[in-house]
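Where a number appears in this text, it was derived from the coordinates with a stated rule and is not lab data. As the structure is a prediction and not an experimental result, all values here were calculated from the model. Cβ placement follows ideal geometry from the backbone for every residue including glycine, while neighbour counts extend to all protein chains displayed.
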Amino acid sequence: MDRTARSVNQLYERYPYPSLPIRNERDLISKLHTNVMSKILATAGLVPESFSGKEILDAGCGTGEKSCYFSYYGARVTAIDLCNSSLKRGRELAERFNLKVEFSLCDIADLRTEKRFDHVFCLGVLHHTSDPYLRFCVLADLCKPGGTVTIGLYNRYGRLMHRIRRLQIGLNAGENIDRRLEYVERSIYRRKLKSTHEQAYAADKYVNPYESYHSVGEVLGWFNKNDITYIRSHPHTDTGRFHALFTQLKWLIKRNGFFIISGRKN
Ligand SMILES: C[S@@+](CC[C@H](N)C(=O)[O-])C[C@H]1O[C@@H](n2cnc3c(N)ncnc32)[C@H](O)[C@@H]1O
């Protein structure tokens, strides 16, 4: 693990993300789909009913809810993460619903496998790594021709106001994870954080020791260099240089700090 990975890992070992409150099948499938999966899948033009028998890589799977969702629909899922506590929760979740997911402890940069994947997902991960493009190239290489790559990243424009808030948190609470989270509780939520999920959400959003910011144009450049054709993004953006810039300025105003973008490997 490099220095960035070590510091990021300290946070997730303590607050595994997203630690969703999954009590039953409805929470895992319908609720997850309504809340997030439909938007993610739409960027790649996918529906869960098409997953049966497909090889899916969930890179930086966190507590494994999305991996289990893919597996529920019959995909063969490989899920990797740097965080032991998250993987433990993922394995427990899969066991609870009798789902088969191959969870492993691994940095994306070190992932070596003979497998090639129909769909690669890497959501909210690369911007917490020292070299996002290097890891993107690993993922792009592991995708089959005709397969899809979907990544979720913090946006350079949409996250601008949030960066000011992070600066303020750093100035008031320093680097210590617990002190920072206490400060967030006091000054932003103004109440005790209620659940494990809420703590994980707040820790990921406000306390993370390392994050980088990316533009649509930058990711389209990554796609281009790796022979990947853009499909769609959420929130929607046109890909022309000025259109993309204009869209991202709107994200700044609306504070859309996170975007999901998919492409197809040629
Ligand atoms: C914000 S969470 C996202 C979890 C999951 N993808 C989701 O969308 O719910 C980021 C995850 O990336 C993992 N991670 C960070 N750097 C990584 C790396 N270099 N290789 C693999 N996983 C990494 C963290 O341990 C953490 O679980």
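Using a 10 Å Cβ count of at most 10 others and DSSP loop calls, identify the longest part of the chain lacking such GluC sites (Glu not before Pro).
Longest stretch, sites excluded: 1-113.
Could you list the trypsin sites (Lys or Arg not before Pro) in the stretch 7-79 that lie in coil according to DSSP, counting only those with at most 13 other Cβ atoms within 10 Å of their Cβ?
Answer in residue order: Arg23.
If you find the alpha carbon centre of the stretch 201-256 and of the stretch 118-175, how far apart are they in angstrom?
What the calculation gives is 9 Å, centre to centre.
Where does the chain land at 222 nm, in deg cm²/dmol rounded to the nearest 500, when only DSSP H runs of n ≥ 4 count, each adding -39500 (n - 2.57), divided by all residues?
Helix contribution divided over all residues of the chain: -11500 deg cm²/dmol.
Could you check the spin-label model distance between Arg3 and Ser130? Points 7 Å from the Cα along Cα→Cβ, value in nm.
Going from the Arg3 label point to the Ser130 one covers 0.8 nm.
Sort Leu167, Leu193 so that the residue with the fewest other Cβ atoms within 10 Å of its own Cβ comes first and the one with the most comes last.
Ranked by crowding around the Cβ, least crowded first: Leu167, Leu193.
In the neighborhood of Tyr154, defined by Cβ-to-Cβ distances under 14 Å, what is the net charge if each Lys or Arg adds +1 and each Asp or Glu adds -1?
Residues near Tyr154 contribute +4 overall.
Please report the net charge: other residues with Cβ closer than 13 Å to the Cβ of Arg191, K and R +1, D and E -1.
+1
Most fluctuating residue of Ile40, Ile177, Ile80 in a GNM of the chain with Cα springs under 10 Å: which is it?
Comparing Ile40, Ile177, Ile80 in a Gaussian network model of the chain, the most mobile one is Ile177.
Run the simple label-point estimate for Tyr210 and Asp141 please: 7 Å along Cα→C-beta, distance reported in nm.
2.0 nm
Name the trypsin sites (Lys or Arg not before Pro) in the stretch 189-250 that are in a loop by DSSP and that have at most 15 other C-beta atoms within 10 Å, would you?
Arg190, Arg191, Lys192, Lys194
Can you tell me how the stretch 21-156 classifies by the Cα gyration tensor, rounded, prolate or oblate, using a/c under 1.5 as the rounded cut?
rounded
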